[in-house]
Each structure stands twice: as structure tokens, then as C-alpha cells.
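Q: Have a look at the structure that comes next, please.
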Amino acid sequence: MKLQINPAHSAPPFTIPQCRGKKLRGEKIVCLTVYDHPSARLLDQAGVDIALVGDSLGMALGGYDSTLPVTLEEMILATRWVRRGLERALLVTDLPYGSYQLGWRQTVRSGLKLVRRGGAAAVKLEGGGRRVRLVEALVEAEIPVMGHLGLTPQALHRMGGYKVQALDAASAEALLADARALEAAGAFALVLEGVPRELAGAVTRALQIPTIGIGAGPDCDGQILVWHDVLGLSPGPAPRFVRAYADLKAVIAPALSAYAREVRAGTFPADAESYHRPPAQRLAAAH
């Protein structure tokens, strides 16, 4: 299946109020993570609504086994790169681990850096009821907030790994309460990751703000996946919820092998790929 590219940037920029509008009209919101300028341009041309600079860049680009080592400075840099590649998509950036856990003052400082230095239009943070004051503080500072519940990767150690969450009635009720609390605090959207489809559907119906699912079934108001998973670039087996729309590893590996082979054989570069002195200068040099 080919990635569909829109021939022109004719659509106006996607905005936060439009997120609510899409939910009201029953239109799905398309989200995708992205970490660099060339990828951002392709994402934008494909008509994706929300570009998320996720702290998943630590795993997708840095080879880490979790998102925990990613720093705020790294997120600012990646956000700046992505910002330059977008014309339409709404740019949201993750607050990385350690950039908001110390309280609302630290949270607002981190959010301001992502907006002012990175160019983000909104930030995303993980957690439920305990994050309400942080969400309120960000909203008071005119920084829009996307919440994140369920499998929250920054809580990897507390959860004991990347596991489906809220499988029993008590934890499902707690997640629904957290979702309502984040909505009341002013979050404009909510990511639901790694939760049962039935719960994600119930939360979606209970909220006025849109839900964005990843491993949460088809009943959310939108979906998000990791760039490298969608394009078949991630190493190892993909999670159950991933659908790869291309296998770029199968394209890239032979191309790199061919390049290496031709360099070693001396067939690259050829004369057509080389620069030459102008004919007059060559004639003068011959005399």
C-alpha cells in the first residue's frame, strides 16, 4: 500500500478547536509521531492532522530500551526540526521524563521552552489525577495540553513492563475518573494507550474532548502510531496494535548494499557523476 501524498498544501492549518469539531462530526483524527524535518514534510503532505514529537524518539532514533533517558533539550531540538517541515499539521511535543515531575513551576518552565524555543503548539504529559494541577498550570500559561492514560511508558518500572492496562473493573473505573479529571482540568485531547477496546470506547463516549488511541481499538476519535512502525523501519517484532503500511527495511538494505558494492568495485562515481574543468581551461592546461 502506497503512502498517499496530497499534491498541494491547500488545506488550512489544523487547529486545537478543530479537534473538538472533528469529534462532534464523527470524523477521525489522524496522528503520527515524527522526529525530523524531511519526515515532517512527508507527514504534512500526506494530510496527517497532528504531528507528535514523541519521547519515543529515544527508542526509535537513539536505540534506548525506554523513553526515560530522553532530555528536554533533545525534545526541543527535534521539535525545531519538525516545526520547519510543517505547514498544516498541529505540532504537539511530549514533556519528557524529569521535565514535569517536580511540580507545576517546573512543568510550566518546560512547556514554555517547548513552545518558545521548539515551536510546539501544544504539549503532552502522562498520568491521571495527580497531573491535574500541572494541566491547569499549563492551560493558565496558554499552553494547550494533551493527556495520556493507560500504558504510560514513563511509568515503565511501576507497571512492570509494557503491559495492557486497566483490565479489571476497579482499574477501568479509575482510568475513566482520571480521564474526566484531565478533561475538567482543561486538556484538549487524550491519548489512550494499551487499554481494552471496550474501555477506550466507554471513555470516548464519556468525554467531550477527543480520544486518540494507540493499542486501544477502533472506537477512539483518532489513532496514532510511531513513524518507524508505520513504515516498517522498527527493529524486531512489532506490537500487536501496529499495522505496517510499507516495508522500507526491504528497500533500504539492498540499496545500501548496492552502494557499498559499487564503491568497492570502482563503478561509483561514474564520469557522468563527476565534475570537469571547463573545455577552455582543459585546452590551456594541455599547452
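Q: Check cross-link reach from K113 to the lysines: straight Cα distance under 28 Å, and skip same-chain residues fewer than eight apart.
A: Once the sequence-local lysines are set aside, what remains near K113 is K124.
Q: If we count other beta carbons within 10 Å of each Cβ, what is the order of S274, S234, S99, fewest first?
A: S274, S234, S99
Q: By average Cβ neighbour count within 10 Å, what is the ranking of 88-95, 193-200, 239-246, 258-265 from highest down?
A: 88-95, 193-200, 239-246, 258-265
Q: Continuing with the same structure: What fraction of the DSSP beta bridges in the range 16-246 is antiparallel, stated in percent and rounded to the nearest 5?
A: Of the beta bridges lying entirely in the range 16-246, close to 5 percent run antiparallel.
Q: Let me ask something else. Between M59, M146, M75, where does the largest GNM mean-square fluctuation fall for the chain, given springs only between Cα atoms within less than 10 Å?
A: Checking each option, the largest mean-square fluctuation is seen for M59.
Q: Then there's this: Please report, in whole Å, how far the alpha carbons of the chain spread along each principal axis, starting with the longest.
A: Projected onto its principal axes, the Cα set of the chain covers 88, 38, 38 Å.
Q: Taking the 0 to 90 degree range and rounding to the nearest ten, how far is the long axis of helix 72-83 tilted relative to the main principal axis of the chain, both from C-alpha atoms?
A: Roughly 70 degrees, rounded to the nearest 10.
Q: What list do you get for T152, T211 if you sort them by fewest beta carbons within 10 Å?
A: Starting with the residue having the fewest Cβ neighbours, the order is T152, T211.
Q: Could I ask something else about it? When the Karplus curve 6.51 cos²θ - 1.76 cosθ + 1.60 is applied with θ = phi - 60°, which whole-Hz ³J(HN,Hα) does each residue of the range 129-139 get, with x for Gly and Pro?
A: With the stated coefficients, the range 129-139 comes to x, 5, 9, 4, 4, 5, 4, 4, 5, 5, 5 Hz.
Q: Kindly identify the range 24-169 as rounded, prolate or oblate by the Cα gyration tensor criterion: order the square roots of the eigenvalues as a ≥ b ≥ c, call it rounded if a/c is under 1.5, otherwise compare a/b with b/c, prolate if a/b is larger, else oblate. Write down the numbers at each step before the final one.
A: Details: a/c = 1.32, a/b = 1.24, b/c = 1.06.
Rounded.
Q: For H157, H228, H148, which order do you get if you count the other beta carbons within 10 Å of each Cβ and list the fewest first?
A: Final ranking by Cβ density, sparse to dense: H157, H228, H148.
Q: Still on this structure, please answer the following. Once every DSSP H run of n ≥ 4 in the chain is given -39500 (n - 2.57) and the sum is divided by its residues, what mean residue ellipticity at 222 nm do you get, rounded to the nearest 500 deg cm²/dmol?
A: So the calculated ellipticity at 222 nm is -11500 deg cm²/dmol.
Q: So for the range 159-287, what percent of the C-alpha to C-alpha distances run longer than 25 Å?
A: Taking all Cα-Cα pairs of the range 159-287, the fraction more than 25 Å apart is 53 percent.
Q: Against the longest alpha carbon principal axis of the chain, how many degrees, from 0 to 90 and to the nearest 10, is the axis of helix 169-185 turned?
A: 80
Q: Something else now. Using the Karplus curve 6.51 cos²θ - 1.76 cosθ + 1.60 with θ = phi - 60°, work out ³J(HN,Hα) for each residue of the range 155-164 in order, rounded to whole Hz, and write x for Gly and Pro.
A: So the J values, rounded to whole Hz, are 9, 3, 5, 5, 7, x, x, 8, 10, 4.
Q: Here's a follow-up. Can you tell which of G21, G118, G201 shows the greatest fluctuation in a Gaussian network model of the chain with Cα springs below 10 Å?
A: In the Gaussian network model the winner is G21.
Every read-out reported here was derived from the displayed coordinates using simple, explicitly stated rules and does not represent laboratory data. Quantities reported herein were computed from a predicted structural model and do not represent experimental measurements. Neighbour counts are summed over all protein chains in view; Cβ atoms, including those assigned to glycine, are modelled from backbone coordinates with ideal geometry.
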